[in-house]
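The next block holds one structure in the form of structure tokens; read it before the comments.
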Amino acid sequence: MVRRIEWTIHVGGMTCRHCAKSVDDAVREVPGVVESATRHDEGRCVVLADSSVTAAALIAAVESAGYQVLSHSSREPLVESWT
């Protein structure tokens, strides 16, 4: 069984659903990311990923999409999958 980590990333600069989709698309390209959900109105992206995924990789993905990471945190999720 693969250990998963839930990351919460606070993202600056998102103003619309298109922004949120851009962040989601970029984060989902990181190897080991299982799922992500981004809300522009909350300025937040929540990512479920294998434990091998690093904060640096997620930050780089968000920044490559043209947005700023304001803060991030991680924890082990309460459930194994969101689906």
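Key figures
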quantity	calculated
Test for residue 66: is it buried (at least 16 other Cβ atoms within 10 Å of the Cβ) and not aliphatic (A, V, I, L, M)	no
Yes/no for residue 17 being at pLDDT 95 or above and crowded, with 16+ Cβ neighbours inside 10 Å	no
Criterion violated by residue 66 - all others in (1) free of Cβ contacts under 8 Å to residues at least 40 places away in the same chain; (2) on the phi > 0 side of the Ramachandran plot satisfied	(1)
Every pair of residues 6+ apart whose Cβ atoms lie under 6 Å, when the first sits in the range 1-12 and is acidic (Asp, Glu) while the second is assigned to a strand (DSSP E or B)	6/48; 6/75
Out of 75, 44, sole residue that is of a type in the set (Lys, Arg), touching a residue at least 24 places away in the same chain (Cβ under 8 Å) and touching an Asp or Glu at 6+ places or on another chain (Cβ under 8 Å)	75
Among (1) over 21 Å from residue 2 (Cβ atoms); (2) in contact with a strand residue (DSSP E or B) (Cβ under 9 Å, 6 or more places away or on another chain); (3) not aromatic (Phe, Trp, Tyr) - the single one residue 35 does not satisfy	(1)
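The values are calculated or read from the model by the stated rules, or taken from the named source; none is laboratory data. All values reported here derive from a predicted model rather than from experimental measurement. We place every Cβ from the backbone using ideal geometry, glycine too, and count neighbours over all the protein chains shown.
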